[in-house]
Amino acid sequence: MFIILLFACALLSSLLVYPLYFFATTFHTGYTVTVSVLLIALFAFLLARQIKKHGLRSALVFSTKFLIVASGLSSFFVLVIHGMRIFAFLAIFVATALYILAAKKLRSKNIELSSETL
């Protein structure tokens, strides 16, 4: 049973990954545009859901944290690809520090706002 499950997983993953690999290696620009549009649509969906559930202020906090993480990771990968590994780790360190700073600052503002409303 395990061998059948292993074979099924390998087959399904190959059916999913090979077309993406072919699309990425054959149509570089089209793949880049498609992935960028999908990531922007995902961010818009998550932001709209956050606004609907928790309000605009919470959505701004979410988008700030999301953009800090996304910019840190993207700069890390770009710097690694260009061979600047020291700067890549520095970018991850700066992004982590900014995230912690933003989380503390935004949390303290939320606590002040909630205590003012009482």
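Worth a mention:
- Some residue of the range 39-46 being at pLDDT below 90, surrounded by 13 or more Cβ atoms within 10 Å (Cβ to Cβ), assigned to a helix (DSSP H, G or I) and not aromatic (Phe, Trp, Tyr): yes
- One residue stands out in the range 101-118 among those that are among the aliphatic types (A, V, I, L, M) and open to solvent by 90 Å² or more (accessible area, probe 1.4 Å): the one that is modelled with the lowest pLDDT, namely 118.
- Every condition in (1) in contact with a Gly (Cβ under 8 Å, 6 or more places away or on another chain); (2) β-branched (Val, Ile, Thr); (3) loosely packed, with under 10 Cβ neighbours inside 10 Å holds for residue 26 except the one numbered (1).
- Considering only residues in the range 62-100 that are exposed (fewer than 15 other Cβ atoms within 10 Å of the Cβ) and hydroxyl-bearing (Ser, Thr, Tyr), the one that is farthest from residue 35 (Cα to Cα) turns out to be 96.
The values are calculated or read from the model by the stated rules, or taken from the named source; none is laboratory data. Everything quoted here is computed from the prediction, not taken from an experiment. Backbone-built Cβ (ideal geometry, glycine too); neighbour counts: all protein chains shown. Quick note on the areas: whole protein, heavy atoms, side chains included, nothing else; ligands and nucleic acids left out. Shrake-Rupley method; radii C 1.70, N 1.55, O 1.52, S 1.80 Å.
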